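These notes are about the structure you will find just below.
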Amino acid sequence: MQRKFFVFLFVSLLLFISCTNTKKQQESESQDDSGVLLNEGDASISSTGDRRFVSDMVTAFIKAYNDQDNEKINSYIHPEAGLMVIHRPGALDWFEKVSKIDFDKPVPSYYPYASAGNNYQISYEIAPRYDCSTEKWNKTGLFVDLTTQTNFLGPIAANLKEYDDVELDPNYIKQIEMAEKNSYRVVVTTEVPLIFHVKQFDNGWYVTILDRGYADCGA
């Protein structure tokens, strides 16, 4: 009887350790990319027609970017929301709001806008990740991620407050929330990657975030 009892305790202990390790692994995997949160579903881009419209807009934006066409590219920046530009001046990411893109005056000033010329076809998939240890993407191409709710600006603001003692105005917090909420991440894995977010305002689609910090492993 005692032997059966000890066997039961031993098996229970093994199950407990197994469950604990599984939970830790899941938590670790969830922290690999804190900038993304799984969406429970998207109703705003549900039809083929919607996707075609987004594809046309993404293609046109990339072309204007590569052509360095100020007038054309700024037509994709919402007049009220503006454009949040993420970059990495040091160990921490930073962002700033601009009303337009000027290819002669890049943001940041030391980082010129480089061509993202490519022959990729648009894929509607989860955005790729860049591994600084291998300096490689886990997949290459032009991706529009409709399955993921982005969360980049909020953590950057929190880090700036914690480590650089930067206190953002509440109105500015609302502006970064407006820029990111319900936006979709677009990634072009060219040598100098082009990463931006698109979002719908009324019946039009605009670029609300230009991420020039991701895949920058220099700091």
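The values are calculated or read from the model by the stated rules, or taken from the named source; none is laboratory data. Nothing here was measured: the structure is a model prediction, and the numbers come from that model. So basically every Cβ, Gly included, is an ideal-geometry build from the backbone, and we count neighbours across all protein chains shown. Side chains are part of the model used for accessible areas, which takes the heavy atoms of the whole protein and leaves out ligands, DNA and RNA. Shrake-Rupley method; radii C 1.70, N 1.55, O 1.52, S 1.80 Å.
Observations, loosely collected:
- Length added when fully stretched, Glu80-Asp102, from 0.36 nm per residue minus Cα-Cα: 6.2 nm
- Above-threshold pairs, the threshold being 31 Å between Cα atoms, out of Lys139/Lys199; Lys139/Lys181; Lys139/Lys161; Lys136/Lys174: Lys139/Lys161; Lys136/Lys174
- Charge sum, other residues only, whose C-beta stays under 13 Å from Ala91's C-beta, Lys/Arg counted +1 and Asp/Glu -1: -3
- To the nearest 10, the accessible area of Tyr110 is 140 Å² with a 1.4 Å probe.
- Net charge over other residues, Cβ less than 10 angstrom from the Cβ of Tyr111 (K, R count +1; D, E count -1): +1
- Anisotropy class of segment 137-219 from Cα gyration tensor, a/c 1.5 cut: oblate
- Inter-label distance for Asn138 and Asn182, nm, one decimal - labels placed 7 Å from Cα along Cα-to-Cβ: 2.8 nm
- Net +/- balance of residues flanking Gly213 in space, Cβ distance below 12 Å, scoring K and R +1, D and E -1: -2
- Cys217/Tyr163 FRET efficiency (R0 22 Å; Cβ-Cβ; nearest 0.05): 0.70
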